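K.L.:
This is the structure I have questions about; it appears just below.
The values are calculated or read from the model by the stated rules, or taken from the named source; none is laboratory data. Bear in mind that the values here come from a model prediction, so they are computed numbers and not experimental data. Neighbour counts run over all protein chains shown; Cβ positions are idealised from the backbone, glycine included. Just the protein is used for accessible areas: all its heavy atoms, side chains included, with ligands, DNA and RNA removed. Shrake-Rupley method; radii C 1.70, N 1.55, O 1.52, S 1.80 Å.
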Amino acid sequence: MPAESKKFQSMQRADLHCHSNISDGVLEPADLARRASANGVELWALTDHDEVAGVAVARQVAQSLNLPFLAGVEISVTWAGRTLHVVGLGIDDAHPALLGGLAAIRQQRIDRAKGMGQRFNDLGYPGTYEGALRVAGNPGLISRTHFARHLVQTGQFSHMQAVFDQYLKDDGAAFVPTVWPTLEQALGWIHAASGVAVIAHPGRYRYTELQFDGLFTAFKDLGGEAIEVNTGSHNPWQFQTYADVAKHYGFLASTGSDFHGPKESRCDLGEVPFLHQDLTPVWHAPAIEARLV
Ligand code: AMP
Ligand code: MN
Ligand code: MN
Ligand code: MN
């Protein structure tokens, strides 16, 4: 380990998962950087869904605040018929293979969103696609979150969770499924871009125990390095479950708020409890240490 990176060994307040309005978050990348710094974050990554266009500004502002920063992305994957999110950390955000893969996913998102707009129209909510596009900070990255936000902002629903529960959940009446890239493709892009691959919020997937074992084994076989253990998307009891999983499979442990916005997220930047000391944090991965020195 290079001597310069020793300062990161004891670092605790890392936040390696959050969203700006380049994807489905509320704040601009520069504001997120300032908020992370103000909240005492010691290592920060911006991980927008399927897009890295916010990374340059995030990095610039983080550097001006002396906040160590990693370029990140949260890639949509389909595994065993369900959507899985894989975070890439410490990526080269200009790598052509990664950029090409993400651009194709964003086109899939647009096609899917048009279909969901049609479903909402048929369900008695006209203009929802156009409304979702209006609330999206980046019209090139449309998410279910934008549909929910539009329906709440226009007073048609009282809160976003109600939209998901009633219409947008995976078997909801307005949801249009799509087949995202494979785990192998996503890890291929992350590794081509010199990044580290992390299974995001494993506690959120409705896989069977057998499928989870198959997922962790396949991920490991493809060179996947880490899983999120402490995340704002987990209930506290799941921190222990996935700490055990990390140790069992030999994964590094990641941590992050999955912050989307001040009024929407139950966990603010830097607020996730620290990783347990018997886990090896993901910032000890050689690829990340190389970026931090
Ligand atoms: P998408 O990537 O377009 O399929 O949208 C997924 C995003 O919707 C996630 O990243 C979350 O931000 C949000 N989301 C998913 N499920 C829910 C839910 N039940 N309640 C609120 N937001 C959700
Ligand atoms: Mn999201
Ligand atoms: Mn996610
Ligand atoms: Mn996320």
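K.L.:
Work out, in µm²/s and without decimals, the Stokes-Einstein translational diffusion coefficient of the stretch 1-144 at 10 °C, 1.306 mPa s, Rh from Kirkwood over C-alpha pairs. Mind dumping the intermediate values first?
P.N.:
Numbers: Rh = 16.5 Å.
In µm²/s, the coefficient rounds to 96.
K.L.:
Can you pull the percent of the chain's accessible area that's carbon plus sulfur, 1.4 Å probe, other chains left in place? Display every interim value, and only then the final one.
P.N.:
Values: 6240 of 12310 Å².
Carbon and sulfur: 51 percent of the exposed surface of the chain.
K.L.:
With Rg and the Kirkwood Rh both taken from Cα atoms, where does Rg over Rh land for the chain?
P.N.:
Working: Rg = 18.3 Å, Rh = 19.2 Å.
With Rh from the inverse mean 1/r over Cα pairs, Rg/Rh is 0.95.
K.L.:
Could you order the peptides 51-59, 116-124, 67-75, 12-20 from most to least packed, using the average number of other C-beta atoms within 10 Å per residue?
P.N.:
On the way: 51-59: 21.9, 116-124: 16.2, 67-75: 24.1, 12-20: 25.9.
Per-residue mean Cβ counts within 10 Å order the peptides as 12-20, 67-75, 51-59, 116-124.
K.L.:
Can you give me the long-range amide H partners of F259? Hydrogens built in the peptide plane at 1.01 Å from N, cutoff under 5 Å, separation of 5 or more residues or another chain.
P.N.:
Here the answer is H19, since their amide H atoms fall under 5 Å of that of F259.
K.L.:
Shifting gears a bit: Could you tally the net charge around D24, taking each other residue with its Cβ under 13 Å from the Cβ of D24, Lys/Arg +1 and Asp/Glu -1? Write out the running numbers ahead of the final one.
P.N.:
Details: positive: R106, R109, R144, R149; negative: D48, D50, E51, E74, D258, E264.
Charge balance in the 13 Å sphere: -2.
K.L.:
For the stretch 210-291, what does the accessible surface come to per residue with a 1.4 Å probe? Please give it in Å².
P.N.:
Working: 3720 Å² over 82 residues.
The answer is 45 Å² per residue.
K.L.:
Follow-up. Roughly how many nanometres apart are two label points built 7 Å out from the Cα toward the Cβ at K247 and A290?
P.N.:
If labels sit at K247 and A290, their model points lie 3.1 nm apart.
K.L.:
Please turn the phi angles of the stretch 262-272 into ³J(HN,Hα) values with the Karplus equation 6.51 cos²θ - 1.76 cosθ + 1.60 (θ = phi - 60°), one per residue in order, whole Hz, x for glycine and proline.
P.N.:
For the stretch 262-272, the Karplus curve yields x, 9, 9, 9, 7, 10, 7, 3, x, 8, 5 Hz.
K.L.:
A further question follows. Explain nothing, just the number: dipole magnitude of the chain about its Cα centre with +1 on each Lys and Arg Cβ and -1 on each Asp and Glu Cβ, in debye rounded to the nearest 20. Don't skip to the end; give the middle numbers.
P.N.:
Details: 23 positive and 31 negative charges, 86 e Å.
Rounded to the nearest 20 debye, it is 420 debye.
K.L.:
Mean separation of Cα pairs under 8 Å and 6+ residues apart, divided by the residue count of the stretch 1-140: what relative contact order is that in percent? It would help to have the intermediate numbers written out before the result.
P.N.:
On the way: 205 pairs, mean separation 27.7, N = 140.
For the stretch 1-140, the relative contact order is 20 percent.
K.L.:
Convert each backbone phi in the stretch 46-56 into a coupling constant with the Karplus relation 6.51 cos²θ - 1.76 cosθ + 1.60 (shift: θ = phi - 60°), then list the ³J(HN,Hα) values in order as whole Hz, x for Gly and Pro.
P.N.:
9, 10, 5, 5, 6, 7, 10, 5, x, 5, 4
K.L.:
What is the distance, in nm, between label points placed 7 Å from the Cα along the Cα-to-Cβ direction at A104 and at D31?
P.N.:
Here the answer is 3.5 nm between the modelled labels.
K.L.:
Let me confirm the definition first: pairs of Lys residues in the chain, 8 or more apart or on different chains, C-alpha distance under 30 Å. How many are there?
P.N.:
9
K.L.:
To the nearest 0.05, what FRET efficiency results for L123 and N39 with a Förster distance of 30 Å applied to their C-beta separation? List each step's numbers first, then the result.
P.N.:
Values: r = 40 Å, r/R0 = 1.32.
E between L123 and N39, to the nearest 0.05, is 0.15.
K.L.:
In nm, to one decimal, how far is the modelled label at K114 from the one at A218, with both set 7 Å along Cα→Cβ?
P.N.:
3.0 nm
K.L.:
Further, regarding this structure: Per residue, what volume in Å³ does the convex hull of the Cα atoms of the stretch 202-293 enclose?
P.N.:
Numbers: hull volume 10.7 nm³, N = 92.
Cα-based convex hull of the stretch 202-293, divided per residue, equals 116 Å³.
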